[in-house]
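A short write-up of the structure that comes next.
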Amino acid sequence: MIDIKNKQDCCGCSACAQRCPKQCITMAEDKEGFLYPQVDTSKCVDCHLCEKVCPVINQDEERTPLNVYAAKNPDDEVRHQSSSGGIFTLLAEQTIKDGGVVFGACWDNEWKVRHDYVDNISDLQRFRSSKYLQSVIGDNYLKAEQFLKIGRKVMFTGTPCQIAGLKHFLRKEYDKLLAVEIICHSVPSPGVWQQYLTTRLHTSKWNKSDIRNISFRDKKTGWKTYSFVIENKDGNSFIELSSKNAFMRGFLADLYTRPSCHACPAKQLKSGSDITLGDFWGIESLMPEIDDDKGVSAIIVNSDKGKQVLHNINVELHEVQYNELTTRNPALVKSFPITPKRTEFFKEYGNTFEEKVKRLAKEPFSLKTLAYRIVRKIIPKMVVEKLKRFLR
Ligand SMILES: Cc1cc2nc3c(=O)[nH]c(=O)nc-3n(C[C@H](O)[C@H](O)[C@H](O)COP(=O)(O)OP(=O)(O)OC[C@H]3O[C@@H](n4cnc5c(N)ncnc54)[C@H](O)[C@@H]3O)c2cc1C
Ligand code: SF4
Ligand code: SF4
Ligand code: SF4
């Protein structure tokens, strides 16, 4: 049975919860705002399936890619709505044209990020652009499995650990599955995000229901110097360069990163994905002729299936060496060390108002409380209780 002793040993993919035949695992939020499995041991039958599908317990080998490219979606509007060069949309459109379904991360009504699926090209905009939060997988591995079992094409997108979780959950290869991972520096805490958003909205005197869109990667100020934007339904916006935005600064400084990201089980192409997508940071020094500061994608092809799918879409590919990408984008191959500032950040986080006051403010001193403490020390508890009852 799954038993998380060290938080670094769980990436929160929920493969265990979805595979448990007794449905005795639930994903519960911890004090830092991340989800972890909790087992109802009274229902567990010790079948060990949860351990067998866990991508942290069963890590795969590092891989070297077949090919690496720089590329851009030829549709500038789609590229503007995307974080990098908009290659996700090209792959997803092709899947839907072939009668398939696409799984990805989108906002819900509460401005939390969850996985979902669509089978309509016009709905793909829900998945476009990076949301810098850990997305809740829910039961989407099960849904993807159901589509695959009836012979439908599935393109499943997510962080490398989410793809590793899916592949272990499925326990067999499906020809019709295209697994696409994004390069992933790390994921910040969804709980911290909700705290930030509440404070941010309070300052603007907006409610969650007033929001029309939130973008972590708005390109109005450029691809390289992107902005954080909240737009409300009246057409007003809060816009701040990401380098100045408090939530983005904390994310990039690893103040509230998921512990598993500091010992990532799926980087270095270990996830089993067919294709990896990322930003081609530093392209201006490698191929200045294709950089227009509107976004260039890095595409890493990891399997023959990935190669075939990529060559079926309408995109100009510029081949590069793998090390030309990894030196410019180390998040692809390297976990970043945990910082002591993270502990400092979380010292106060998660405590309720009352808990904070209890810890930080001294109890008021009075003769009555002093007398009560002395009496409690010298008279046995049972006698105090009897006295209390008598005085009532
Ligand atoms: C948390 C996070 C960290 C990242 N770190 C890096 C990095 O260090 N280096 C780098 O080069 N690129 C990183 N990226 C990936 C990059 O920002 C783009 O998502 C990727 O290049 C695809 O861009 P696109 O232009 O093709 O399509 P876009 O339309 O921008 O991408 C949409 C895709 O991203 C997926 N997605 C969006 N948010 C999430 C989420 N929260 N969880 C899982 N999947 C999500 C969608 O499902 C969809 O597949 C990160 C993305 C995220 C979400
Ligand atoms: S051992 Fe089997 S029954 Fe028990 S929690 Fe794991 S999957 Fe569920
Ligand atoms: S990594 Fe995934 S499968 Fe493993 S314990 Fe965590 S949620 Fe479960
Ligand atoms: S850094 Fe690794 S563990 Fe963290 S979210 Fe990304 S893929 Fe998962």
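The values are calculated or read from the model by the stated rules, or taken from the named source; none is laboratory data. All figures in this text were calculated on a predicted structure; none of them were measured in a lab. Backbone-built Cβ (ideal geometry, glycine too); neighbour counts: all protein chains shown. We work out accessible area using only protein heavy atoms, side chains counted, and drop any ligands, DNA or RNA first. Shrake-Rupley method; radii C 1.70, N 1.55, O 1.52, S 1.80 Å.
Taking the condition assigned to a loop (DSSP other than H, G, I, E, B), hydrophobic (A, V, I, L, M, F, W, C), touching a helix residue (DSSP H, G or I) at 6+ places or on another chain (Cβ under 8 Å) and within 16 Å of ligand 4 (Cβ to nearest atom), does C16 pass?
The answer is no for C16.
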Inset, instruction - Check whether at least one residue in segment 119-135 is touching a helix residue (DSSP H, G or I) at 6+ places or on another chain (Cβ under 8 Å), crowded, with 19+ Cβ neighbours inside 10 Å and among the β-branched types (V, I, T), and report yes or no. - result: no
Inset, instruction - Using the structure shown, decide if P21 is more than 26 Å from K267 (Cα to Cα) and either within 15 Å of ligand 3 (Cβ to nearest atom) or without any contact (Cβ under 8 Å) to a residue 24 or more places away in the chain (or both). - result: yes
Legend entry - Test result for D40, buried (at least 16 other Cβ atoms within 10 Å of the Cβ), more than 16 Å from ligand 1 (Cβ to nearest atom) and among the acidic types (D, E): no
Inset, instruction - Please verify whether segment 159-176 includes one or more residues that are within 13 Å of ligand 4 (Cβ to nearest atom), among the aromatic types (F, W, Y) and either outside any strand (DSSP E or B) or at pLDDT 95 or above (or both). - result: no
Legend entry - Selection from segment 35-54 of residues that are within 10 Å of ligand 3 (Cβ to nearest atom) and part of a loop (DSSP other than H, G, I, E, B): V53, C54
Inset, instruction - Identify, from the list L241, L252, the residue that is more than 16 Å from ligand 3 (Cβ to nearest atom) and within 21 Å of I182 (Cβ to Cβ). - result: L252
Inset, instruction - Please specify each residue of segment 19-34 satisfying the condition of being in contact with a helix residue (DSSP H, G or I) (Cβ under 9 Å, 6 or more places away or on another chain) and in a strand (DSSP E or B). - result: I25, T26, M27, E29
Inset, instruction - Kindly provide the set of residues from segment 235-254 that are open to solvent by 30 Å² or more (accessible area, probe 1.4 Å) and over 15 Å from the mean Cα position of the chain (by Cα), ordered by number. - result: G235, N236, S237, F238, I239, E240, L241, S243, K244, A246, R249, A253
Legend entry - Hey, S42 assigned by TED's automatic domain parsing to the domain that holds S130, out of contact with any helix residue (DSSP H, G or I) (no Cβ under 8 Å at 6 or more places or on another chain), more than 10 Å from ligand 2 (Cβ to nearest atom) and not aliphatic (A, V, I, L, M) or not: no
Inset, instruction - Please state which of the following conditions A28 fails to meet, knowing it meets all the rest: (1) without any contact (Cβ under 8 Å) to a residue 12 or more places away in the chain; (2) touching a Phe, Trp or Tyr at 6+ places or on another chain (Cβ under 8 Å); (3) open to solvent by 50 Å² or more (accessible area, probe 1.4 Å). - result: (3)
Legend entry - Of the criteria (1) at pLDDT below 95; (2) over 26 Å from A71 (Cα atoms); (3) within 16 Å of ligand 4 (Cβ to nearest atom), which one D234 fails: (3)
